[in-house]
Amino acid sequence: MSTAADSGAVLDQAMARLNAREFRAAAALFNRAIALGLDAPEIRNNLGQALRFSDDPAGAEAAYREALRQRPAYVRAATNLVEMLLPARADAAQAVIAAALAAGAGEDLHRAVAPLWRGAGRPDRATFHLQALLETAPGDALMRSELGTTLMGFGQPSAAIPHLARVAQELPDRADAKVNYGLALQQSGDIGAAMAVQRRAIAQDPLCRPAWQNLLLGLNYMPGITAEDVAAAHRAYAARFARPAPAPFANVPDPDRRLRIGMLSGDFRQHPVGYFLEAAITAHQRAGFHLTAYDVGKRADAATARLRGVFDAWRSVGALEDEAIVAQIRADGIDILVDLTGHTETSRISVMEYRPAPVQVSWIGYANTNGVAAMDWIIADAVVLPPEDEAYYIEKPLRLPGCYLCYTPHGAVAPSPPPMLQKGHVTFGCFNNLAKINDEVLAAWAAILSRLPDARLLLKTAVLREAETAQKLRARFAAAGGDVGRLDLEGHSPRSDYFARYATVDFMLDPFPFPGGTTTVEAIHAGVPTLTRRGRGGMISRNGETLLSAVGLQDWIAADTADYIEKAVAFAQDGDGLAAIRARLSLGPLGDAGAYARGLEAAWRSIWRDWCTRRGAI
């Protein structure tokens, strides 16, 4: 056999091994073909793939770079190398892209690397490539939609809105196009318009689950509606997506055995769910409980790594269809399945609708009814879910002895005196997301500032780094009667800088009807009190009440908007009283993970005993 025939046969064998995912064998055969004189950019690229998935990143990088030396505009090799370099070596990845573009790689490279940048948490660079694509194909509605959603991910909802509005207009038969447009409106603070768009999507497609879930979450932000309205919408959702009864469970109805607890979430990361979950799970006793995480998220970080080390088992199931996740949960023999997400961004409440476990519970991620008949319990407390609110819930309340939340602090925050003692004027703050800051809230804040001519108000949330969104908020504040000259707006900060900003604020002003949760407990951790307003009904509206009650700040819970304004003015004129509060304020029971975990364990045992009783096992 000739040398050419030998090398061709070896190359065929190499490709067969690569396609069979036998990467080490494939790499050896590609190297042998090259040694026999058969060399080309495609062979080097395939060698790179084989080495990459053989855990030889240095060898893979060398192979990709040789392919690009041979063909500088080779899109596939450039894309593979960029994918391997991201996210850790972003600058090196950018250099690869720049070189390939300079060599003539164009539309195909832009299209390939845009999602890689987005997946690496760099929507700014993804936006560059998507805009380049739209310059050559302005009529590509799907690419325009991708640009709009990427701009949202970059915290630029005002820039996203015209793109997504155009997509919704150009694709009138696509309900999902309306969903994205509504999300951009919500992120920019226009909650009324956002909900109207989601309702139009549902009218067009009554089974458009994302539109339903955005509507259900969004109603919690809406002023001028009742808790009964919110509950009715959740029941309507549940009726639309009802599931048949599940097959019988094989779980042994023994009330005292070790229980298998499963937790389903897309937010096992640096996120409110992670902040309120980590300490409680870390302190959880294992003698009576086995804990399994079902991770449906697309993002991971240091908090994800910590949580992985705490759970007894970890299932990464985000790529699976609902039915496959249900099958996994049933195969794992889960006794109590806990949903941590509800109708928020990473929701897989659709899994819970199949009832893959005998007992199903809602906790942390969505402090409201899910509306889903398959949900049995919601973890609450006596303040956040009083008896008069029970009618709003499909779930039965499972009230913990203290607050239903337990915060996981990472690092101490030094207490500080009220800055008003030095500055001679009060500085209010609110660090909540913009969707919570409706016109009724702005009117109340304007009224407070009008009574305190030297006062200032600092609003800080990620999207306020976008100039147009910030300007829209200033215009709304002016329309509500506020003095825009005393309004300070800030965008995102790294975590340490974020906490440092609390020292520049005298106390926080909670929005309503959707008050702070994470922001309120973070302020407490920083020694800064929050003034909240009593909720209209439903757990979300009462989060401020339970958090402040837990740390002895019941006086900071206003009865209504008029009382909220009066209390803000009074507290702003009592620097000594504020200093005394800040000196003693701490997480207290909100940070007592051991006590919290004992209450949680008792709750698990109680609801499992209830199931066993109903099965006739006791």
Quiz prompt | Alpha-carbon Debye profile of the stretch 385-531, log10 I(q)/I(0) at 0.09 Å⁻¹ | solution = -0.33
Self-check item: Positive-pole candidate from Met420, Ala500, Ala26, dipole of the chain, charges at beta carbon
Solution: Ala26
Quiz item: How much accessible area does Met195 have with a 1.4 Å probe, in Å² rounded to the nearest 10?
Solution: 10 Å²
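With +1 on each Lys and Arg Cβ and -1 on each Asp and Glu Cβ, and nothing else charged, work out how big the dipole of the stretch 179-332 is about its Cα centre, in Debye to the nearest 20. Display every interim value, and only then the final one.
Details: 17 positive and 15 negative charges, 35 e Å.
The calculated dipole for the stretch 179-332 is roughly 160 debye.
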Quiz item: Using a simple charge model, +1 on the beta-carbon of Lys and Arg, -1 on the beta-carbon of Asp and Glu, nothing else, what dipole does the stretch 333-457 show about its Cα centre, in debye to the nearest 20?
Solution: 520 debye
Self-check item: Kirkwood hydrodynamic radius of the stretch 1-124, Cα pairs, Å
Solution: 14.9 Å
Practice problem: Sum up the charges of everything whose Cβ sits under 10 Å from the Cβ of Thr79, counting Lys and Arg as +1 and Asp and Glu as -1, but leave Thr79 out. | Solution: 0
Exercise. Work out, in µm²/s and without decimals, the Stokes-Einstein translational diffusion coefficient of the stretch 1-65 at 37 °C, 0.692 mPa s, Rh from Kirkwood over C-alpha pairs.
Key: 291 µm²/s
Practice problem: Just the ratio, please: alpha-carbon radius of gyration of the chain over 2.2 N^0.38 Å, N its number of residues. | Solution: 1.08
Quiz item: Can you give the accessible area of Lys436 in Å² (nearest 10), computed on protein heavy atoms with a 1.4 Å probe?
Solution: 20 Å²
Quiz item: For the residue pair Asp6 and Ala245, what label-to-label distance in nm results when each label sits 7 Å from Cα along the Cα-to-beta-carbon direction?
Solution: 7.2 nm
Quiz item: Taking a probe of 1.4 Å, how large is the accessible area per residue of the stretch 1-106, in Å²?
Solution: 50 Å²
Quiz item: Which of Leu68, Tyr564, Val521 sits closest to the plus end of the dipole of the chain, meaning its Cα is farthest towards the positive end, when Lys and Arg get +1 and Asp and Glu get -1 on the C-beta?
Solution: Leu68
Quiz item: Measuring from label point to label point, each 7 Å out along Cα→Cβ, what is the Asp205 to Gln285 span in nm?
Solution: 4.9 nm
Practice problem: Specify the angular offset, from 0 to 90 degrees and rounded to the nearest 10, of the alpha carbon long axis of helix 75-85 from the longest principal axis of the alpha carbons in the chain. | Solution: 50 degrees
Exercise. Quick one: accessible surface of Asp576, probe radius 1.4 Å, all protein chains present, in square angstrom to the nearest 10.
Key: 120 Å²
Quiz item: What is the magnitude of the charge dipole of the chain about its Cα centre, with +1 placed on the Cβ of each Lys and Arg, -1 on the Cβ of each Asp and Glu, and no other charges, expressed in debye to the nearest 20?
Solution: 600 debye
Quiz prompt | Gain in span if fully extended, Ala319 to Ala35, counting 0.36 nm per residue against the direct Cα distance | solution = 98.3 nm
Practice problem: Of the options Val230, Leu337, Ala475, report the single residue whose Cα projects farthest towards the positive end of the charge dipole of the chain (beta-carbon charges: Lys, Arg +1; Asp, Glu -1). | Solution: Leu337
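Between beta-carbons, use under 11 Å as the cut-off and find the net charge around Phe428, counting Lys and Arg +1, Asp and Glu -1. Intermediate values should be presented prior to the final figure.
Values: positive: Arg456, Arg486; negative: Asp488, Asp506, Asp510.
Surrounding charge for Phe428 is -1.
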Exercise. Rank these residues by their accessible area, most exposed first, probe 1.4 Å: His271, His129.
Key: His271, His129
Practice problem: Give me the percent of the accessible area of the stretch 209-308 that comes from carbon and sulfur atoms, probe 1.4 Å, all protein chains in place. | Solution: 56 percent
Quiz item: Which parts of the stretch 53-87 would a label at Glu107 reach, counting a residue when its backbone N lies under 20 Å from a point 7 Å out along Cα-to-Cβ?
Solution: 73-79
Quiz item: Once label points are set 7 Å from the Cα along Cα→Cβ at both Arg598 and Glu566, what is their separation, rounded to one decimal in nm?
Solution: 4.1 nm
Quiz item: Roughly speaking, to the nearest percent, how much of the stretch 321-389's 1.4 Å accessible area is carbon and sulfur?
Solution: 53 percent
Quiz item: In the stretch 563-618, what percent of the accessible surface is made up of carbon and sulfur (1.4 Å probe, ligands and nucleic acids excluded)?
Solution: 50 percent
Quiz item: Taking the stretch 309-401, which GluC sites (Glu not before Pro) meet the DSSP loop condition and have no more than 13 other C-beta atoms within 10 Å?
Solution: Glu321
Self-check item: Residue-normalised accessible area of the stretch 574-614, expressed per residue, 1.4 Å probe, Å²
Solution: 42 Å²
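The values are calculated or read from the model by the stated rules, or taken from the named source; none is laboratory data. Please read these numbers as outputs of a predicted model, since none were measured by experiment. Glycine also receives a Cβ, built like all others from the backbone with ideal geometry; neighbour counts cover every protein chain displayed. Accessible surface is based on the protein model in full, side chains and every heavy atom, while ligands, DNA and RNA are left aside. Shrake-Rupley method; radii C 1.70, N 1.55, O 1.52, S 1.80 Å.
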